[in-house]
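In what follows, a single structure is set out as structure tokens and then discussed.
The values are calculated or read from the model by the stated rules, or taken from the named source; none is laboratory data. Computed from a predicted structure; not experimentally measured. Glycine gets a Cβ as well: all are built from the backbone with ideal geometry, and neighbour counts include every protein chain shown.
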Amino acid sequence: MLPTTLGPWLDYTINGLVIGNIYALLAVGLALIFGVSHLINFAHGSVYMVGAYIGWLCVTKLALPLPVTFVTVAAGCGLLGAVIERVGLRPLRNAPRIAPLLATIGLSVVLDQSAQLLFSPDPRALPTQLPTWRIAIGGGSIGALDLLIAGVGIGSAGLLYGFLRFTKLGWAVRATALDRDAAQQCGVDVDKVNRTVFAIASALGGVSGLLVGMYYNTIDPNMGFQAGLKGIVAQLIGGVGNVPGAIAGSLLLGLIESYGIALFGTSYRNLFAFVALILILVLRPNGLFARARRLPPEPLTGTFIAPSRPLVLPKWAVWALAAAALALPLVVQQPYLLQTLGNAWLYALLALSLTLVAGTVGQVSLGHAGLLAIGAYASSLLALDAGVPVLLAVPLAGLVAAALGTALVYPAFRLRGHYVSIATLAVGEIVTLVILNWESLTRGPIGVTGIPPLSVAGKPLVSGQWVYWVPLVVLLAFAALQSRLLNSHLGRTLRAIREDDVAARSYGVDLNRYKGLAFAVAGFIAGVGGALMAHFYSYINHETFPAPVSMLALTMVILGGLGNVAGAVLGAAVLVGLPELFRAAAEYRMLIYGVVLLLLIRFRPQGLLGTV
Amino acid sequence: MPEPVLSRRSVLFHTLAGGLALACIAMSGGPAKAAEAAGEPLWFGVSGPLTGPSAQYGAQWKKGFDLALDQINAAGGVKGRPLRYVFEDSQNDPRQSIAIAQKFVADPKILIELGDFSSPASMAASPIYQRAGLVQFGFTNSHPDFTKGGDFIWSNSISQAEEQPNVADFAVTSLKLKRLAVLHLNTDWGRTSKDIFVKAAKERGAEVVATEGYLPDEKDFRSTLVRVREANPDGIVLISYYADGAAIARQLKPVGLNQPVVAVGSVYSPKFLELGGEAVNGVHTRANFFPAEPRPEVQGFVAAYRAKYQEEPDAFSAYAYDAVLVAQRVIEEGGTDRTAIRDAFPRVKDIPSVIFGKATFDPETRRVSGVRNVKLVVKDGAFALWDGSIPAATN
């Protein structure tokens, strides 16, 4: 063992490289797909999980030799990638760019749930057949598997580099990445290119799952989400679509995490990773390893969200629907139904907030659950620790969420397209991690208990009707406000930013101010929503509003039609209601949900009510 | 065979037990010849994760429930009526657990509710059960404030205040470890447990040289363990579940740690051995039950579990099994009236229980105390009773 003070730092460096190595396996595949189809593939983590399970079958059930296992996993996942491209994504090639993104989320739900049904949710051991020798380095050691992972990561990046540079198909891939339409006009079979890229990336993803499963000797159906997230972060640090950059970014991410643990402790690990991501996005939006003068990787004008003709409800119909919704508890007394609809209205607040920033302004946020958490904590702590009456705490929480939310996202205002999504995703994670670690304020992992319910004149509003009426009234008020806003001069300005921010700026629109205004309004609405949830739940902790809630909110918004107020409400009602409707299907219900989601995207990518 | 040592231990989840019929079976060593239950079934509701990231725990619950019901209903059910359950999938999500709560409270056939899994999902639903007057029986809810939700909120989850001092005893008094490093899940359970453990260890004269909290989905612990190594401990304490506990154990050697390991009882699972492989050999734990224990409750559970599922039971299926025994007893005592069922809790005494031996509720805390436990060590890939040997301090 090294007696010097450098000893542990050498170990931290090695550990950072060891874990970075693992991130690299996923980041390379993600970078390849992004490079060609400009798509952040959220299904990549699921392919990785499928690879691990194919490997598990080969190793434990068929007892195949290791090289055969590798070939089988690569072939199986390559095929799966091609199928995903053909069935899930090619039909959407002319849809707005947000549709394939959502399709990958739907695909990952379907894959994860199928694996869970086939193999049970239990984690399983995936023993390695590699030799067990280890090389001592610093105070620790590394094994054969570490070297194999490094070899596969760097080797595959090298092979990909050669493929892209020296083969005809590789040229076609690069041409497609630069300009799909032009490539097609030059006779490139763009579909074939996409299929090839998905197959290669997925084969690599599957092999990564196998290797990582062996590394930790454990695989489970949910292993893909977190791994995919880290892969996405790593490739953004390196620069999206940049294969060598993805490797460098992964190693750097591993080092940042390892040094973060060394300096501040384990519970700060992800906090470090996400803060680093934001810094890099803001300072070097093309990634650390991008060539200085590259074309912006996102188109300048509003092709991210396609225009469509929204379905406009006549005024009398809107009034009639609102009145019917308000009168419902007088007719239906079933508390389960009222609670489910009450939940839907609460989530509709979140969707309303997101549809404003994602739909109207075009800033697709993947961290919106963070606003709920801020609102929930602000209101609970104001009520419990500062003695503020709940009725006042809720709007105050809205203000806190508006201020904090806008301030946190402010650095991302200069970003575009996917970069905004990833930056907001990071902000959402940061909010959760700060709540977890700032114990003196938030009570850390223990959470906040005994949150008082909403009450008027000393009477708690907790019965079945009130859990329905309170959110509904708040929702109707905000929906009316937002509709007016969209029809005003302000709404037109916000949409102008979405359609073409360069043109908007040349007309004298101060982008930051308008984006800030939109985020503030959105933060207020979501903050009030989160506050109401906290007072209904009576207990919250850092796990109450996890990352999947942000995904759910985005799904609601896209399903209803981006920017569409009525669409957000409808989307929330459908997506809160569907899983409840499928309740009888028990274990199958999330699978059904995933399939329904895919079908909706396939046949109505502009959302049920259309983009406004 | 050494006498199993009684003690307690804490877990995130846990349950409680009841069931005279079952006790009869277990104690007579053979099925009592009671008539099979017939007639109108009696129902309890379960709110828990069947899909989503915690689905594996819901799957273990189901095995425990089904096993207990097989035994209960074969022996005449509750006063001749079969006991059944409705399992609603909450995904461990408070939004869904409150909807399920409304569903259960409005359904007159549901006599008592079991679950949910984690604190956010369970405690969000508590006010609904409390107001409607349906007992919420949280058998995995160790959050210190869980039963403070009201007089309809009961739990037989192992209390950390009882469990952690036992773990500290094992580490400090039995294994003579003096400089401990604690790794804990950074959740409400892990955090509460860690605080109580640290206090108990200090009272027993040990020093806690490092504490590290990690997130449940973490897989890489190398840098965390280097931090631990630099604090120069002579023993490592894991406040973990089986999957993360096994992952940590596997990464000890690669960073140069060879110190003895003591883990809380929630690692007790065949999966811990499977996932940990050779690396978990030598890990000490205080489990709440051990298949070789001669107690009739344990034998009745373990033998039947092996016969039904062809695998070894783990702690979570034991909690679920115990919970059904409690439900059976309180329904037997309280009948089909929800308030009478609540009132039955303080009256039912000595419910047979895998985890507690005999479970009796304290009407003040609405919890059970007196958790059993045995000192175990992993030997050659299997849990074995600890033979009193102190591992040689290496390193």
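From the list B:F356, B:F316, B:F301, the one residue that fits, being modelled with pLDDT of 90 or more and aromatic (F, W, Y), is B:F301. State whether the residues of the stretch A:175-189 include one that is away from chain B (no Cβ under 12 Å), more than 30 Å from the chain's Cα centre (by Cα), in a helix (DSSP H, G or I) and surrounded by 12 or more Cβ atoms within 10 Å (Cβ to Cβ). Within the stretch A:175-189, one or more residues are away from chain B (no Cβ under 12 Å), more than 30 Å from the chain's Cα centre (by Cα), in a helix (DSSP H, G or I) and surrounded by 12 or more Cβ atoms within 10 Å (Cβ to Cβ).
Total residues in the stretch B:153-191 satisfying the condition of being away from every other protein chain (no Cβ under 14 Å) and over 18 Å from the mean Cα position of the chain (by Cα): the figure is 13. The set of residues from the stretch A:218-245 being within 14 Å of A:A27 (Cβ to Cβ), among the hydrophobic types (A, V, I, L, M, F, W, C) and over 18 Å from the mean Cα position of the chain (by Cα) comprises just one member, A:V243.
Taking helices (runs of 4 or more DSSP H) that do not extend beyond the stretch A:498-573, which have at least 3 residues that are crowded, with 24+ Cβ neighbours inside 10 Å and outside the structural domain of A:L441 (by TED's automatic domain parsing)? Don't jump to the end; show me each part of the working.
Details: elements: A:501-506, A:511-537, A:547-560.
Counting at least 3 such residues, we get A:547-560.
For the stretch B:98-127, how many residues meet the condition of being within 11 Å of chain A (Cβ to nearest Cβ) and touching a Phe, Trp or Tyr at 6+ places or on another chain (Cβ under 9 Å)? Spell out how you get there, then give the answer.
Looking only at the stretch B:98-127, we keep the residues that are within 11 Å of chain A (Cβ to nearest Cβ), and these are B:98-107, B:118-127.
With the extra rule that they be touching a Phe, Trp or Tyr at 6+ places or on another chain (Cβ under 9 Å), the set shrinks to B:98-107, B:118-120, B:122-127.
Residues that pass the stated criteria total 19.
Determine, yes or no, whether B:K148 is in contact (Cβ under 8 Å) with a residue 12 or more places away in the chain, under 30 Å from A:G464 (Cβ atoms) and within 14 Å of another protein chain (Cβ to nearest Cβ). No, not satisfied. Return a yes/no flag: does the stretch B:249-259 have any residue that is more than 12 Å from chain A (Cβ to nearest Cβ) and modelled with pLDDT of 90 or more. Looking through the stretch B:249-259, at least one residue is more than 12 Å from chain A (Cβ to nearest Cβ) and modelled with pLDDT of 90 or more. For A:L490, indicate whether it is assigned to a helix (DSSP H, G or I), under 25 Å from the mean Cα position of the chain (by Cα) and among the hydrophobic types (A, V, I, L, M, F, W, C). Considered against the rule, which asks whether it is assigned to a helix (DSSP H, G or I), under 25 Å from the mean Cα position of the chain (by Cα) and among the hydrophobic types (A, V, I, L, M, F, W, C), A:L490 comes out as no. Name every residue in the stretch A:209-231 that is touching a Phe, Trp or Tyr at 6+ places or on another chain (Cβ under 8 Å) and either under 17 Å from A:G153 (Cα atoms) or not in a helix (DSSP H, G or I) (or both), in order of residue number. Listed by number, the residues that qualify are A:G209, A:L210, A:V212, A:G213, A:I219, A:P221, A:A227, A:G228, A:K230, A:G231.
Restricting the stretch B:67-90 to residues that are within 14 Å of chain A (Cβ to nearest Cβ) and among the charged types (D, E, K, R) leaves a set whose member that is surrounded by the fewest Cβ atoms within 10 Å (Cβ to Cβ) is B:E88.
Taken over the stretch A:351-369, residues that are out of contact with any Phe, Trp or Tyr (no Cβ under 9 Å at 6 or more places or on another chain), modelled with pLDDT of 90 or more and closer than 22 Å to A:L415 by Cβ amount to 4.
Scanning the stretch A:100-112 for residues that are over 14 Å from the mean Cα position of the chain (by Cα) and either away from chain B (no Cβ under 14 Å) or over 17 Å from A:I601 (Cβ atoms) (or both) turns up just one, A:D112. Identify, please: which residue in the stretch B:202-242 is small (G, A, S), farther than 23 Å from A:F264 by Cβ and crowded, with 22+ Cβ neighbours inside 10 Å and is, among those, farthest from the other protein chains (Cβ to nearest Cβ)? Within the stretch B:202-242, the match that is farthest from the other protein chains (Cβ to nearest Cβ) is B:A206. Specify the residue that is farthest from the other protein chains (Cβ to nearest Cβ); the eligible residues are those in the stretch A:113-129 that are aliphatic (A, V, I, L, M) and within 17 Å of B:P270 (Cα to Cα). The selected residue is A:L126.
Scan A:I497, A:I446 and give me the residue that is under 23 Å from A:A358 (Cβ atoms) and under 30 Å from the mean Cα position of the chain (by Cα).
Values: A:I446 fails: under 23 Å from A:A358 (Cβ atoms).
When all the criteria are applied, what remains is A:I497.
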